[in-house]
Ligand SMILES: *Cc1c(COP(=O)(O)O)cnc(C)c1O
């Protein structure tokens, strides 16, 4: 067998460990400096010899995280944003007025709400597809319902897989193929926040854009807000997204960009470890007498497991949900009885978080009201399991 590793260049773990830092003159520092200056001096000829103009367009300190993310997602271009929502909104604002969009019915809640509000103001036409349509065979994963909705013109298909908070799986390859067969200019964009490039690289599966809430696993420590978009090509749509960032001012602060590149140095270690713990927790609680269901794409019983196994490498992510027997009140009592898990929104930090999701999403949410969303962190798996066992049995004692 031939070893192609030299042609391929360093592996992603190696690139991540180096944090995207360039070694620059005059000090040859291994970590790139934080550039607090908002503006950069022009040369005698009026040009910009340093390549930087003004920090709302681009701060040189964005480069390490942008270049690293671009390499890990195997894209052509990457841009940091001030938050995940800022990144997603820039993609949608780059569409023409009156554009037609399709998105999954189960997806990140704030973005779904924003899309619906914009649609109500006639900025675009929005339709939802069912990632896990009832009665759909396990090998279809969203594409049957999607195919039925592709009768009319389409500008953008948005995907999120596994999708928040029920972890339904959409077949990225099949969905992108359908959308591009419908129209070569259809933009297929994937929110890759939950799987991260460690597990899924949507651009290699046919997507055109990847969006991240870098607030989550990429930053990884719950102490910065940032977002990112990675593009497969430097085309006219990409340039409109870049113009939306520069004109809308949706950039992160210089220090956040530094923290992000720093957090990404341990991305592979953190995310793989957390996902292995999540898998252990899912296996442990699958079939538990106090639970109605465990939603985790790594379980063979999950309807999207077979597709997840083809588009996720080496793991199924560190997010799962438990549906507690006894409904909303029981689920909230269990969350309240936990002591190792912290009860808070968000995901992707080193501490494990639990959240009764329906109460934050409100009455229009498709989220079942007995569902607890778990973001698994880096604590001992045994402590996390013991804590859940103790909270479930405390709740059993109070209902009996
Ligand atoms: C948090 C999150 C977002 C929004 O990102 P912010 O950084 O909070 O703006 C989008 N998508 C997913 C899947 C998320 O978890």
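With respect to the numbered conditions (1) buried (at least 20 other Cβ atoms within 10 Å of the Cβ); (2) without any contact (Cβ under 8 Å) to a residue 60 or more places away in the chain, which one is the sole condition not fulfilled by residue 171?
Result: residue 171 passes all but (2).
Here are some residues: 119, 90, 86. Which one is more than 29 Å from residue 258 (Cβ to Cβ), assigned to a helix (DSSP H, G or I) and either touching a helix residue (DSSP H, G or I) at 6+ places or on another chain (Cβ under 9 Å) or more than 12 Å from the ligand (Cβ to nearest atom) (or both)? Quick ask: steps written out before the conclusion?
Numbers: 90 fails: more than 29 Å from residue 258 (Cβ to Cβ); 86 fails: more than 29 Å from residue 258 (Cβ to Cβ).
On inspection, the qualifying residue turns out to be 119.
Identify all residues within the range 93-116 that are in contact with a helix residue (DSSP H, G or I) (Cβ under 8 Å, 6 or more places away or on another chain) and without any contact (Cβ under 8 Å) to a residue 12 or more places away in the chain; write none if there are none.
Across the range 93-116, there are no qualifying residues.
Could you run through the range 334-371 and say how many residues are within 19 Å of the chain's Cα centre (by Cα) and more than 13 Å from the ligand (Cβ to nearest atom)?
5
Looking for whichever is more than 16 Å from the ligand (Cβ to nearest atom) and either farther than 16 Å from residue 226 by Cβ or part of a helix (DSSP H, G or I) (or both) here; the options are 100, 112. Which one fits?
Details: 112 fails: more than 16 Å from the ligand (Cβ to nearest atom).
After applying the criteria, what remains is 100.
Looking at the range 178-221 only, could you name the residues that are modelled with pLDDT of 95 or more, out of contact with any strand residue (DSSP E or B) (no Cβ under 9 Å at 6 or more places or on another chain) and surrounded by fewer than 20 Cβ atoms within 10 Å (Cβ to Cβ)?
Within the range 178-221, 204, 221 meet the criteria.
So is residue 174 more than 16 Å from the ligand (Cβ to nearest atom), farther than 25 Å from residue 123 by Cα and part of a helix (DSSP H, G or I) or not?
On the way: more than 16 Å from the ligand (Cβ to nearest atom): yes; farther than 25 Å from residue 123 by Cα: yes; part of a helix (DSSP H, G or I): yes.
Yes.
Among residues belonging to the range 372-389 that are crowded, with 22+ Cβ neighbours inside 10 Å and closer than 13 Å to residue 278 by Cα, point out the one that is farthest from the ligand (Cβ to nearest atom).
Quick first cut of the range 372-389, residues crowded, with 22+ Cβ neighbours inside 10 Å only: 372-377, 384, 388.
This time we only want the ones that are closer than 13 Å to residue 278 by Cα, so: 373-377, 384, 388.
On the way: 373: 10, 374: 13, 375: 9, 376: 14, 377: 15, 384: 20, 388: 22 Å.
This residue is 388.
Across the range 177-197, what is the total count of residues that are within 16 Å of the ligand (Cβ to nearest atom) and part of a strand (DSSP E or B)? Talk me through it step by step, then tell me what you get.
Of the range 177-197, the ones within 16 Å of the ligand (Cβ to nearest atom) are 189-197.
Remaining after also requiring part of a strand (DSSP E or B): 189-191.
Here the count works out to 3.
Of the residues 275, 243, only one is buried (at least 20 other Cβ atoms within 10 Å of the Cβ) and either free of Cβ contacts under 8 Å to residues at least 24 places away in the same chain or on the phi < 0 side of the Ramachandran plot (or both); which?
Values: 243 fails: buried (at least 20 other Cβ atoms within 10 Å of the Cβ).
When all the criteria are applied, what remains is 275.
Does residue 246 satisfy the criteria of being more than 16 Å from the ligand (Cβ to nearest atom) and in contact with a strand residue (DSSP E or B) (Cβ under 8 Å, 6 or more places away or on another chain)? Break it down into steps so the answer makes sense when it comes.
Values: more than 16 Å from the ligand (Cβ to nearest atom): yes; in contact with a strand residue (DSSP E or B) (Cβ under 8 Å, 6 or more places away or on another chain): no.
Answer is no for this residue.
Regarding residue 129, is this residue within 30 Å of residue 147 (Cβ to Cβ), surrounded by 15 or more Cβ atoms within 10 Å (Cβ to Cβ), more than 16 Å from the ligand (Cβ to nearest atom) and free of Cβ contacts under 8 Å to residues at least 40 places away in the same chain?
On the way: within 30 Å of residue 147 (Cβ to Cβ): yes; surrounded by 15 or more Cβ atoms within 10 Å (Cβ to Cβ): yes; more than 16 Å from the ligand (Cβ to nearest atom): yes; free of Cβ contacts under 8 Å to residues at least 40 places away in the same chain: yes.
When the stated conditions are applied, residue 129 passes them.
Which pairs turn up if I take residues in the range 17-44 that are touching a residue at least 40 places away in the same chain (Cβ under 8 Å) and look for partners that are loosely packed, with under 11 Cβ neighbours inside 10 Å with beta carbon separation below 8 Å, at least 6 apart in sequence or on another chain?
Pairs that qualify, where the first residue is touching a residue at least 40 places away in the same chain (Cβ under 8 Å) and the partner is loosely packed, with under 11 Cβ neighbours inside 10 Å, are 21/30.
The values are calculated or read from the model by the stated rules, or taken from the named source; none is laboratory data. Nothing here was measured: the structure is a model prediction, and the numbers come from that model. All Cβ positions, even for glycine, are placed from backbone atoms using ideal geometry, and neighbour counts span all protein chains on display.
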